[in-house]
Amino acid sequence: MENTVVLKVGGSSLGEDGIDAEKVKQICAVIKELKKDVALGVVVGAGRFAGGYITAARELGVNEFQLDCLAIDVSRLNAKLIARGTGFNELIPTSVETAARIMESKGFVVMGGTSPGPPCR
């Protein structure tokens, strides 16, 4: 395959008030079709699902760096859901470099966030 596509799936597209299984099935169906024709990287976001965690953590006094880490964890959980629904059974990569290696060898990768931003001052 010579064409490579990177698809961003916003976490909020997985459902409005929690995970919507039908929406997830539809997204997975589109991804399965796309990966037949192109090398495909899928990056899944945290969406509003991270909001509850971030709000609670902020009230507990958690710093911005750790809030970023929480959002990354949620994005990886969302990525795992999409991954399993599309037949990607690898571990969710924790770095862009690992994702690139998987993409090169398998022609398909699903990932979430990778690294938090610098601490806010």
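Brief remarks on what is shown
Here's the yes/no breakdown for (1) without any contact (Cβ under 8 Å) to a residue 60 or more places away in the chain; (2) closer than 27 Å to I102 by Cβ; (3) not polar (S, T, N, Q):
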| site | (1), (2), (3) |
| --- | --- |
| V6 | yes, yes, yes |
| L34 | yes, yes, yes |
| G41 | no, yes, yes |
| A56 | yes, no, yes |
| E59 | yes, no, yes |
| D73 | yes, yes, yes |
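- Among the residues of the range 6-33, those identified as assigned to a strand (DSSP E or B) and either modelled with pLDDT under 95 or within 16 Å of N78 (Cα to Cα) (or both) are L7, K8, V9.
- Of the residues making up the range 80-99, at least one is touching an Asp or Glu at 6+ places or on another chain (Cβ under 8 Å), modelled with pLDDT of 95 or more and within 20 Å of G47 (Cα to Cα).
- The range 100-121, subset in a loop (DSSP other than H, G, I, E, B) and under 22 Å from G10 (Cβ atoms), residue least open to solvent (accessible area, probe 1.4 Å): G112
- Condition broken by A56, with the remaining ones in (1) part of a helix (DSSP H, G or I); (2) aliphatic (A, V, I, L, M); (3) buried (at least 17 other Cβ atoms within 10 Å of the Cβ) satisfied: (3)
- Every pair of residues 6+ apart whose Cβ atoms lie under 9 Å, when the first sits in the range 87-99 and is free of Cβ contacts under 8 Å to residues at least 40 places away in the same chain and in a helix (DSSP H, G or I) while the second is among the hydroxyl-bearing types (S, T, Y) and open to solvent by 50 Å² or more (accessible area, probe 1.4 Å): V96/S115
- Among the candidates K36, K80, residue that is part of a helix (DSSP H, G or I), open to solvent by 60 Å² or more (accessible area, probe 1.4 Å) and farther than 21 Å from S12 by Cα: K36
- Of the criteria (1) open to solvent by less than 80 Å² (accessible area, probe 1.4 Å); (2) within 14 Å of the chain's Cα centre (by Cα); (3) modelled with pLDDT under 95; (4) over 18 Å from S12 (Cα atoms), which one F49 fails: (4)
- Residues that are farther than 11 Å from G47 by Cβ and either open to solvent by less than 60 Å² (accessible area, probe 1.4 Å) or under 17 Å from the mean Cα position of the chain (by Cα) (or both), drawn from the range 62-76: V62, L67, D68, C69, L70, I72, D73, R76
The values are calculated or read from the model by the stated rules, or taken from the named source; none is laboratory data. The structure displayed is predicted, hence computed values, not measured ones. All Cβ positions, glycine included, derive from the backbone under ideal geometry; neighbour counts span all protein chains shown. Just the protein is used for accessible areas: all its heavy atoms, side chains included, with ligands, DNA and RNA removed. Shrake-Rupley method; radii C 1.70, N 1.55, O 1.52, S 1.80 Å.
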